[in-house]
1. So what does Asp124 come to for accessible area, using a 1.4 Å probe and Å² rounded to 10?
2. How big, in percent, is the set of alpha carbon pairs in the chain lying more than 41 Å apart?
3. Rounded, prolate or oblate for the range 277-359? Axes are the square roots of the Cα gyration tensor eigenvalues, ordered a ≥ b ≥ c, and the cut-off for rounded is a/c under 1.5.
4. Sort out for me the Cα centre separation of the range 132-173 from the range 196-272, rounded to whole Å.
5. Under 14 Å from a label point 7 Å along Cα→Cβ of Gln297: give me every residue in the range 153-172 with its amide N that close.
6. Under 5 Å between amide hydrogens, which residues at least 5 positions from Val156 or on another chain qualify, with H placed 1.01 Å from N in the peptide plane?
7. What accessible area, in Å² to the nearest ten, does a 1.4 Å probe give for Ser32?
8. Calculate what fraction, in whole %, of the accessible area of the range 22-226 sits on carbon and sulfur atoms when a 1.4 Å probe is rolled over the protein chains.
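The values are calculated or read from the model by the stated rules, or taken from the named source; none is laboratory data. Just so we're clear, the structure is a prediction, and the values are computed from it rather than from any experiment. Quick reminder, even Gly has a Cβ in these numbers, built from the backbone with ideal geometry, and neighbours come from all protein chains shown. For accessibility, only protein heavy atoms count, side chains too; no ligands or nucleic acids. Shrake-Rupley method; radii C 1.70, N 1.55, O 1.52, S 1.80 Å.
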Amino acid sequence: METLYIKGGRELYGDLEVVTAKNALLPILAGSVIHNGKIVIEKIARFSDVMFMVKILESLGCNVVFQGDSLVIDASGASNFLVKDEFTKKVRSSVFMLGPLLSRFKRARVAYPGGCNIGNRPIDLHIKGLKALNVKIEEKHGYINCDGRDMIAGEVHLDFPSVGATENVMMASVLLKGTTIIYNSAREPEIEDLQNFLNSLGARVYGAGSSTIVIEGVEKLHDSQYCPIKDRIVAGSYLIACAMCGGNIRLNGARKEHNHALIGKLVQSGATIKCDKNSIEIGVKGKLHSIPTIETQPYPGFPTDLQNQILAMQTISKGTSVVIENLYESRFKICSELVRMGADITIKDRMAIVKGVGRLYGASVVASDLRGGAGLVLAGLTAEGYTTVEDIYHIDRGYLSIEEDLCKLNAEIKRCNK
Ligand code: EPZ
């Protein structure tokens, strides 16, 4: 079993190229099956979740080949609209296959993705959105069976700006005759990237980034070559790492407009941030002040995917911070491990009260989910002595090689086989 072994106490320095965004790649890969032709995705990042999505495409009959840092997908051979539970159990975002399969085959049969360690992860909004397009849906024996032979363009009103539900409805309607409108759509940068990807194929999608997205159905799509955006959560994680360790780092490829909420909080805590068109630089001298309140919201609010990382930062900041997690019902699993490192955290429902302590102490801790694992690594970077983080397969789902990235920034961290 692999573990990360971290020697704490070093400041971070240097430049790092930010990797392509996991949460942009996953819907884009799913969407590639819509087009009966060839698509090249540049700067592919081989996260384990991405590699599982590649396996799903192959199981549908697509031919997928890595060529350098590009992925060439030929979906002309796709002949199957079934996504088995062996895949949906491994990568929840296989639920994004519903929309593309309906566009391509007018049918889809996807195993229920189920919950994960951070929450139940319901998909009622996906189902409701597709039903608004007259998709007949039957949920039986753990499968979602969709019949889209009578699908029609229409209006979809999302009760909550769900990222996945927005993406599924976008992809289900690109070839639907007429105009589909999604109200209360998610506004994340990855939604805008999906719009740009679909339009690079000849689709006509407008409004992504706002709360209303319009899709004018087209008859056919064409081949495309596309380069997705960089990962704002990986970039944000490393900005927080530097805020915790001190030092000065620059993240190339990171975009200010994708991390406004985090940047505001880091400046509020005393960090110096410099941004240009395609990079973000952070400088930190000495202890930072606690951020009084951090509340996760859909974009452009503070991202839930950076909540565990900034909570780890509050454990050693000066003062007290209240962290409120509004999106997931169990995204505080990191706290018990941080307390074992000396943190002072009280949890009440969806609220964590974090009292800054002088410093954390190295310990042997266990990651229970992707972003919680990243938060534990950040805590280990600042803790006195050595920290080992176990179950790091969670972290590999969303960080290409967190230890290599951090070593490039002067950290002392290595991956060991236990
Ligand atoms: C995407 O998940 C991201 N994953 C998540 O990142 C991210 O946390 C989330 O958006 C919010 O930003 C990918 O893009 C692959 P949602 P998704 O539908 O689409 C509720 C990471 O760490 N909801 O916006 O599943 C749901 O319970 C991952 O990279 C319903 O109630 O998120 C949650 O409370 C974790 N019914 C909230 O909405 C539904 O049908 C956000 O879910 C769908 C969602």
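1. Using a 1.4 Å probe on the heavy atoms, I get roughly 90 Å².
2. Values: 13509 of 87153 pairs.
Of the Cα pairs, 16 percent sit more than 41 Å apart.
3. Working: a/c = 1.89, a/b = 1.06, b/c = 1.77.
The shape class here is oblate.
4. Measuring centre to centre over Cα atoms gives 25 Å.
5. The answer is 161, whose backbone nitrogens lie closer than 14 Å to the label point.
6. Ile181, Ile182, Tyr183
7. 0 Å²
8. Values: 3810 of 7950 Å².
Ligands and nucleic acids excluded, carbon and sulfur give 48 percent.
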